[in-house]
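Trainee: Below: one structure in structure tokens.
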Amino acid sequence: MSRIVRYLTHPQVLIEPLKDVRAWSLNKVGSNRVSSLAAQLGSLSVTRRIVSSNETKALETATPLALALGVAVEVRPRMHENDRSATGFLPPHEFEAVADQFFAEPAASVSGWETAEDAQRRIVSEFEASLTGPHEEDVLFVGHGGVGTLLFCALSGIRIDRRFDQGLGGGGCWFAFDSQVRRPKREWQPMEALMTGS
């Protein structure tokens, strides 16, 4: 049976340079955006499965939505963002330069980061495993911009390229597709579009 699958990235985070990036929380803006969506679920109102990365910021996005829908969060640790532990926190200008190179040279380990190709294989594998089985309900995946872009590229049948990233704004974007066709219907949209039933 066909169902709608959506991939949503966590919104804005509180940047804490001395803290493991994987443990960063949403900041006030990000939390408010999630709270607004949880209060007005729109097109998410028929969703009956939420599958999330185990990173704090993803869980802080998934949990309020799951509570509003009355469903449990399925946690898949391997849905984490691309592994950047080799560098840890990087100032914004340095991060953007390394991220550009990460997407531009997908087979290379840039500054010790997980390669884009490896991260893409991992997120696609997790995605496919989550959709295997008799599930007939709409699904919301909650994750991260980097691996989300890699998933978008894989589903679209296009090569890895940062121009397909969710763009500026700090996250909180989504794309959707039919579970049988498995090709994004359109490019990234802000999470607020979900409230209007888009």
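Every number here is computed from the coordinates shown, using simple stated rules; none is lab data. Note that the coordinates shown come from a computational prediction; the quantities given were computed from them, not determined experimentally. Because the Cβ atoms are built from the backbone with ideal geometry, glycine has one as well, and the counts that use them run over all protein chains shown.
Trainee: Kindly indicate whether any position in region 79-94 is surrounded by 12 or more Cβ atoms within 10 Å (Cβ to Cβ), under 17 Å from Ala58 (Cα atoms) and aromatic (Phe, Trp, Tyr).
Mentor: There is no residue in region 79-94 that is surrounded by 12 or more Cβ atoms within 10 Å (Cβ to Cβ), under 17 Å from Ala58 (Cα atoms) and aromatic (Phe, Trp, Tyr).
Trainee: Would you confirm, using the coordinates I've provided, whether Ala193 is part of a strand (DSSP E or B) and not β-branched (Val, Ile, Thr)? Spell out how you get there, then give the answer.
Mentor: Details: part of a strand (DSSP E or B): no; not β-branched (Val, Ile, Thr): yes.
So Ala193 fails the test.
Trainee: Still on this structure, I have one more. If you go through region 117-149 one residue at a time, how many are free of Cβ contacts under 8 Å to residues at least 12 places away in the same chain and surrounded by 14 or more Cβ atoms within 10 Å (Cβ to Cβ)?
Mentor: Residues flagged as free of Cβ contacts under 8 Å to residues at least 12 places away in the same chain and surrounded by 14 or more Cβ atoms within 10 Å (Cβ to Cβ) within region 117-149 amount to 1.
Trainee: List the number of the failed condition for Ala104; all other conditions in (1) over 17 Å from Phe141 (Cβ atoms); (2) touching a Lys or Arg at 6+ places or on another chain (Cβ under 6 Å) hold.
Mentor: Unmet for Ala104, out of (1) over 17 Å from Phe141 (Cβ atoms); (2) touching a Lys or Arg at 6+ places or on another chain (Cβ under 6 Å): (2).
Trainee: Looking at region 125-139, is at least one residue touching a Lys or Arg at 6+ places or on another chain (Cβ under 7 Å) and more than 15 Å from Val5 (Cβ to Cβ)? Walk me through how you get there before you give the answer.
Mentor: Filtering region 125-139 for residues touching a Lys or Arg at 6+ places or on another chain (Cβ under 7 Å) gives 126, 130, 135-139.
Checking the rest, the ones that are also more than 15 Å from Val5 (Cβ to Cβ) come to none.
So far as region 125-139 goes, no, none of its residues is touching a Lys or Arg at 6+ places or on another chain (Cβ under 7 Å) and more than 15 Å from Val5 (Cβ to Cβ).
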